[in-house]
Amino acid sequence: MTTQHSPVADIPVQAEERAPAPGRPSGHAAGDAAAPAPAAEPAVWRTMLRAQVRISRRLQADLLAEHDLPLAFYDVLTHLGEAPCGRLRMNDLADRVLLSRSGLTRLVDRLEREGLVARQTCPSDARGLYAALTPTGRARLEEAAPTYRRGVRDHVLSRLDDDDLRLFGHLLGKLADEPVDGSAAESAAESVDESVDAAASFPREGVSARPAP
């Protein structure tokens, strides 16, 4: 999970003032297209933003305390670790971690200074550039992964039962324009049990933080 979000003040919380195009549903009753959003709508939106930020902060605190690893570092290392050959084109990596190309470039600069990531050129495209996981980066990822998964279990999954998780996955799928089918919803519930079992075996002793470079 990344910690980027737009300030709440920048997010419109009222219904669009313009009348809908002919034949297009407005989402409100006829003649009420310009009515303000119900009071609950901005409250739900703000609650979602607060939850996202608080969970990200807690995960970051866990990773920093036990591994001296920022959440943004962990996010990049995870995507690289899951990729074939442990590398991704910079543009693809930027899309996966929800950063601009310039933002990712700065982040990879920091990871490279730490020896966790290395840039590689593409043999078939001189303009192509990869970010590749180094052996040191993979070791740090494997070390931090149990802490991250335990944090997800403690800060999120432990608060949701099977029905909550199915509904949560369905709602997030709608927001992300990625519908969740029935089999995916069932597998989501199963993942709770797997996460609980895995979390139970995670070491609880903190790993001494590395000194800042």
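In this rough spin-label picture, where each label sits 7 Å from Cα along the Cβ direction, the L64-A139 distance is 2.5 nm. Name the residues of region 93-110 whose amide N is less than 14 Å from a point 7 angstrom out from the Cα of C122 along the C-beta direction? So the set is 93-95. Extension gain, L98-R113: 0.36 nm per intervening residue step, less the Cα-Cα distance, totals 3.2 nm. Between C85 and R57, the modelled labels are 4.2 nm apart [label points 7 Å from Cα along Cα→Cβ]. The phi-based Karplus calculation (6.51 cos²θ - 1.76 cosθ + 1.60; θ = phi - 60°) puts the 3J(HN,Hα) values of region 139-144 at 5, 5, 5, 5, 6, 8 Hz, whole numbers, x for Gly and Pro.
Read-outs: derived from the displayed coordinates by stated rules, not from any lab. This one's a predicted model, so the numbers in the text were calculated from it and none came from an experiment. Heads up, the Cβs are rebuilt from the backbone with ideal geometry, glycines too, and the neighbour counts pull from every protein chain shown.
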